Amino acid sequence: MAPARVTGRCVRVPIRKLPDLSPEQVVKLQDALLSNADALLVSALSLLDQGRVALARSLAILGLEESGKAIAVHERRVQVVREPEGTPFRCEWLDALWASHEQKLNKVHDFLRWEPYWFAEQPPDPDENAAMLGTIKRWAERHDNLKKRGFYVELDRNGKALSPADLTDEDSLRAVLSYVHQIGWQLRLGEHIEREAAGRAGGGQPSRRRRVLGVRRESGASRGAPNGSSRRAVEQRRLQVQSSWR
């Protein structure tokens, strides 16, 4: 249940239940989320190049929220494969995340901290990642106000106009955007890994549960799995971002 404030009282508003989805709809949803997240993040970088820092940050937060939904959908896809045949795709924790901006951003933070599908030569360092991801954590705590600051002129308590143009945290925003850009590749690699595992475990014609991962009769399909050049490009970008935070 989500809290809402009405006439000074805190009441409980029912969280909207998501519709149940067929395996094909789940795959299409994941593709749409990753595509939209990428479009928002690319647009944010373009605005940064124009010096529109506040608006870029607002779009970046929207892109991160879409990424958080994509991560949650992926995790549910992996989870439902291990549950009894006929288990609906939708579940309470997914409903709750869909309704919460903060939960979406926290999902991004945790995914990037632990990097479950990282593909560099060296394993990820969760502690180092957490230090670099502090900005996202702060965004999660102040999500709604930060998004609005990019779109609207507000007033402070003393009547001073607060314009989006007053925000100037360009360096940290650019670093976060570059770092987060790897989410799409990691999720695609995760799809490939989980699809291969489910295909090997099931053999033959996949069940409805395994089809939610995109498993088809031809085990070994690698839709979206990054190739060697893509991995090198992401690793190079990661090193550049790490150096910018030191």
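All of the numbers you see were taken from the coordinates with simple rules; none came from a lab. What you are looking at is a predicted structure, and each value in this text was computed from that prediction instead of being measured. All Cβ positions, glycine included, derive from the backbone under ideal geometry; neighbour counts span all protein chains shown.
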Scaled by the rule-of-thumb 2.2 N^0.38 Å, the alpha carbon Rg for the stretch 24-103 gives a ratio of 1.31
GLN79 versus ASP125: modelled label distance in nm, points set 7 Å from Cα along the beta carbon direction | 3.2
Between ALA96 and ASN36, the two model label points (7 Å from Cα along the beta-carbon direction) sit apart by a distance in nm of 2.3
Entries in LYS28/LYS69; LYS104/LYS147; LYS69/LYS147; LYS17/LYS137; LYS137/LYS160 that, when Cα-Cα distance is taken, lie over 21 Å = LYS17/LYS137; LYS137/LYS160
If R0 = 41 Å, then THR87 and LYS137, at their Cβ-Cβ distance, give a FRET efficiency to the nearest 0.05 of 0.80
Note down, for the stretch 40-152, the three equivalent ellipsoid semi-axes (square root of 5 times each alpha carbon gyration tensor eigenvalue), biggest first, whole angstrom.
-> 28, 19, 12
